[in-house]
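Single-structure report; data block below.
The values are calculated or read from the model by the stated rules, or taken from the named source; none is laboratory data. This one's a predicted model, so the numbers in the text were calculated from it and none came from an experiment. We place every Cβ from the backbone using ideal geometry, glycine too, and count neighbours over all the protein chains shown. All accessible areas refer to the heavy atoms of the entire protein, side chains included, with ligands and DNA or RNA removed. Shrake-Rupley method; radii C 1.70, N 1.55, O 1.52, S 1.80 Å.
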Amino acid sequence: MLKQLSIIDPVQDILALQGEFLKSKSLKSRKNLGQFFTGAAVSNYMASLLNRPSDNKVRILDAGAGTGILSISAALRCLELGYCKVHTVLYELDHEALPYLEHSLKSLQHTFAEKNAAFSYELRCEDFVLARPDKDSSVQPFHISIINPPYFKYSVKESIYAKVVSDLFHGDPNIYATFMAIVIACLKSGGQMVSITPRSFTNGLYFKGFRTFLLNKASLDLIHIFKHRNKVFNNENTSVLQENIICSLTKGKDQQDVAIRSSDCDISINRSNEQIYSSSLIIDSSNKEKIIRVPETAYEASILKQAELLPNTFEGAGFTISTGKVVEHRALSFITSNTNARNTVPLYRPHNVLPMTTLWTGKHKKDASFLLNQGHEKHTMLDGNYVLLKRFSTKDEQRRLVAGVHLGDINESKFIGLGNKINYIGLSNSNLTEVEAYGIAAIFNSSYMDSYFRCISGNTQVNATEIRVMHFPSRKQVQEIGLIVKKHNITDTTSIEDLVNSTIGIMNKYKVQ
């Protein structure tokens, strides 16, 4: 039984409804639907980003309406801008949310009537993606859409969602990106989408097709970044490991400068600082990846500008990066915790990678060995000089990049096992020298490189795709750094910072204090 609404303040009404709905649903059932609900502060802020549509009657699209807070904020924003006629089309798959949503919309109608304005709506209980309203001739294009789409991954080979949007983009992303693409397709030319999603679509191979579609169809006008996901969504306790961002995009508009804002959480959202950057700094058009870079601070922006001056990319300098070949759950018969077993080689895992070095003694509780049984060649590699780079960091770790040097002469065997939670770095046309290994490790362990990487990636995973296209010092500079590191056995952070910064021309004012 729904509580009686006051019909005085529609936003307060909907917050009460949202709280009631959250209590009625288990966290597990909401996660299965990818539901994460927006609070009032974020919803009102997103609505404040809406520009004035050109027509007298405004059409709003709400894809994945929940209990309706985004529609209400958007409609009230239109009323504030002087529009007397607002029509909203809302899609919501969860039939249990519909009574709450209906209550919210009736409350909003009452508010509009008191202002001598008219609010109308269509409520559609169906899957927004499968409905494809952009292909429905009975659905007119929309002026605006503010969305908090559902969040879950799907397979391009197995999911019906991938087939449904194959005319828009190809890839293996997340359902939230699919929602964003269809919303863009539903907008009029000049229409605006404001979305709140994880940051993961801004980089990564899985989202490459989506990014290309998005940036070809719309201009990116604003990004607001949240540093803590669990402080954004209402009454949620999530385990998603990306920052969240609010994006404002305009369909059919030529790309211009991009505004970047940031805040810790929803409470401080209206006190965020804004910086305006050229689109060429934010959208990397130098390669096919179309990575969207997000400098969270003025310091990170300065690092990004410095990186643009480096002579080549990581791959262009002749270096390669790949993921370790041992996928442990597929190679269980080769892995043993008996580190003294015969006919084995060390299996390197993330805990074996430390700043500037690697350590495998066989005595750590997580140490393991790899059996050189028949067929081991599918999993092992020839031993040699490598730089090992952790692929994952925890939320609490201060550094995103941790790189250690592995020298090929420390093991007796000619083989080595590298787990797939580690990236390994070498040379494309020859073997990595010790000097080059130390030089690369020093660069990746510098705060300069860590800050640069944070501009590119918003999650805790270090993907080889991003590393390959990052601007990077020349091979000669790498050798210069490595020669000094090796000669003087430099391992402390301060000395590495000074050495890397001076060699590649990062001025002292760009150093972290």
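Kindly indicate which of Ile321, Ile283, Ile269 is over 30 Å from Ile416 (Cβ atoms) and modelled with pLDDT of 90 or more. Steps first, please.
On the way: Ile321 fails: over 30 Å from Ile416 (Cβ atoms); Ile269 fails: modelled with pLDDT of 90 or more.
Ile283 is the lone residue from the list that is over 30 Å from Ile416 (Cβ atoms) and modelled with pLDDT of 90 or more.
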When (1) modelled with pLDDT of 90 or more; (2) open to solvent by 30 Å² or more (accessible area, probe 1.4 Å); (3) closer than 20 Å to Leu93 by Cβ; (4) assigned to a loop (DSSP other than H, G, I, E, B) are applied to Gln140, the one that fails is (3)
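Does Glu102 qualify as being open to solvent by less than 50 Å² (accessible area, probe 1.4 Å), acidic (Asp, Glu) and at pLDDT below 95?
Working: open to solvent by less than 50 Å² (accessible area, probe 1.4 Å): no; acidic (Asp, Glu): yes; at pLDDT below 95: yes.
When the stated conditions are applied, Glu102 does not pass them.
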Kindly establish whether Asp167 is of a type in the set (Asp, Glu) and free of Cβ contacts under 8 Å to residues at least 12 places away in the same chain.
yes
Among strands (runs of 3 or more DSSP E) completely within region 403-513, the ones holding 1 or more residues that are touching a Lys or Arg at 6+ places or on another chain (Cβ under 7 Å), polar (S, T, N, Q) and in contact (Cβ under 8 Å) with a residue 12 or more places away in the chain are 422-427
Among Lys135, Lys157, Lys153, the single one that is of a type in the set (D, E, K, R), free of Cβ contacts under 8 Å to residues at least 24 places away in the same chain, out of contact with any His (no Cβ under 7 Å at 6 or more places or on another chain) and within 24 Å of Ile225 (Cα to Cα) is Lys153
When (1) under 17 Å from Met193 (Cβ atoms); (2) in a loop (DSSP other than H, G, I, E, B); (3) touching a residue at least 40 places away in the same chain (Cβ under 8 Å) are applied to Leu93, the one that fails is (1)
(1) open to solvent by 20 Å² or more (accessible area, probe 1.4 Å); (2) modelled with pLDDT under 90; (3) farther than 15 Å from Ile456 by Cβ all hold for Gln242 apart from (3)
Check region 356-369 and report whether any residue there is in contact (Cβ under 8 Å) with a residue 24 or more places away in the chain, open to solvent by less than 40 Å² (accessible area, probe 1.4 Å), out of contact with any strand residue (DSSP E or B) (no Cβ under 8 Å at 6 or more places or on another chain) and closer than 22 Å to Phe319 by Cβ. no
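Select from region 451-478 the residues that are closer than 12 Å to Arg400 by Cα and open to solvent by less than 10 Å² (accessible area, probe 1.4 Å) and list them in ascending order.
Taking region 451-478 first, the residues closer than 12 Å to Arg400 by Cα are 451-463.
Hits for region 451-478 are Tyr452, Phe453, Cys455, Ile456, Ser457, Gly458, Val462.
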